[in-house]
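Just below is one structure, and these are the notes that go with it.
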Amino acid sequence: MPTRSSKQTAQDSDATEHVAHHREPALRATRQRIVVSDLILACRIGVTDKERANLQRLRINLTLDVRPAPPRLDRIAEVVDYGTLAAQIRGVCAEAEFRLLETLAGRLAAACFQDRRVERARVRIEKLDRYPDMAAIGCETTYERGET
């Protein structure tokens, strides 16, 4: 049975030491953002009755700052559920008609804040077909969770 040379033992020791230095570092999440980008929905919205008579296409973008808590068990309950969030956004747009984009933005933010982990929400809504010489027109508002 061959014996290991001192050179091989030293190389093995170096390799073990090299692996030990590449362990995952201790991490602390300082910020977590959830992003919904370019969700296109139809909504009954507009200042005039004529404008609200037909559904209008909207592009919705949300950026949510949430309490950073990386999942430990790799389960959906540990994070903001994107599917639930998208369903809530769709529901708000389908449930009522609105006169102002700003009113709709507030309703969308309120839906986002149903998850207690959400601390801040930036809501951007654009009407895509309102004016023929513009790609879009809209508003963007940032909301923070109020004191409870």
query = Out of all the residues in the stretch 89-99, which are in contact with a helix residue (DSSP H, G or I) (Cβ under 9 Å, 6 or more places away or on another chain) and either among the polar types (S, T, N, Q) or at pLDDT 95 or above (or both)?
reply = Ile89, Gly91, Val92, Cys93, Phe98, Arg99
remark   = Within the stretch 44-58, of all residues that are hydrophobic (A, V, I, L, M, F, W, C) and in contact with a helix residue (DSSP H, G or I) (Cβ under 9 Å, 6 or more places away or on another chain), the one nearest to Ile137 (Cα to Cα) is Leu58
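Okay, residues lined up against (1) acidic (Asp, Glu); (2) surrounded by 16 or more Cβ atoms within 10 Å (Cβ to Cβ); (3) under 17 Å from Phe113 (Cβ atoms):
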{"residue": "Asp38", "(1), (2), (3)": "yes, no, no"}
{"residue": "Ala42", "(1), (2), (3)": "no, no, no"}
{"residue": "Ile45", "(1), (2), (3)": "no, yes, no"}
{"residue": "Arg57", "(1), (2), (3)": "no, no, no"}
{"residue": "Leu62", "(1), (2), (3)": "no, yes, yes"}
{"residue": "Arg67", "(1), (2), (3)": "no, no, yes"}
{"residue": "Pro71", "(1), (2), (3)": "no, no, no"}
{"residue": "Gln88", "(1), (2), (3)": "no, yes, yes"}
{"residue": "Glu97", "(1), (2), (3)": "yes, no, no"}
message = Quick check on the stretch 49-56. Is at least one of its residues in contact (Cβ under 8 Å) with a residue 40 or more places away in the chain and in a strand (DSSP E or B)?
response = yes
message = Can you confirm whether Pro2 is closer than 26 Å to Thr142 by Cα, at pLDDT below 95, of a type outside the set (D, E, K, R) and assigned to a loop (DSSP other than H, G, I, E, B)?
response = no
request  = From (1) under 17 Å from Val35 (Cα atoms); (2) of a type in the set (Phe, Trp, Tyr); (3) at pLDDT below 95, pick out the condition that doesn't hold for Phe113.
outcome  = (3)
task = Any chance you could count how many residues in the stretch 26-36 are of a type outside the set (S, T, N, Q) and surrounded by 14 or more Cβ atoms within 10 Å (Cβ to Cβ)?
result = 2
ask   = part of a helix (DSSP H, G or I) and either in contact with a helix residue (DSSP H, G or I) (Cβ under 7 Å, 6 or more places away or on another chain) or among the β-branched types (Val, Ile, Thr) (or both) - does that describe any residue in the stretch 127-145?
value = no
query = Looking at (1) in a strand (DSSP E or B); (2) within 16 Å of the chain's Cα centre (by Cα); (3) not β-branched (Val, Ile, Thr), can you tell me which one Arg116 breaks?
reply = (1)
note = Of the residues in the stretch 86-110, those that are small (Gly, Ala, Ser) and assigned to a helix (DSSP H, G or I) come to Ala86, Ala87, Gly91, Ala94, Ala105, Gly106, Ala109, Ala110
message = Cβ-Cβ under 6 Å, sequence separation 6+ or interchain: first residue in the stretch 70-85 and in a helix (DSSP H, G or I), partner modelled with pLDDT under 95. Which pairs?
response = Glu78/Pro71
inquiry  = Taking the conditions exactly as written (surrounded by 14 or more Cβ atoms within 10 Å (Cβ to Cβ) and of a type in the set (S, T, N, Q)), does Thr84 satisfy them or not?
reply    = no
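The values are calculated or read from the model by the stated rules, or taken from the named source; none is laboratory data. Treat the numbers as computed from the prediction; the structure is a model and nothing was measured. Glycine gets a Cβ as well: all are built from the backbone with ideal geometry, and neighbour counts include every protein chain shown.
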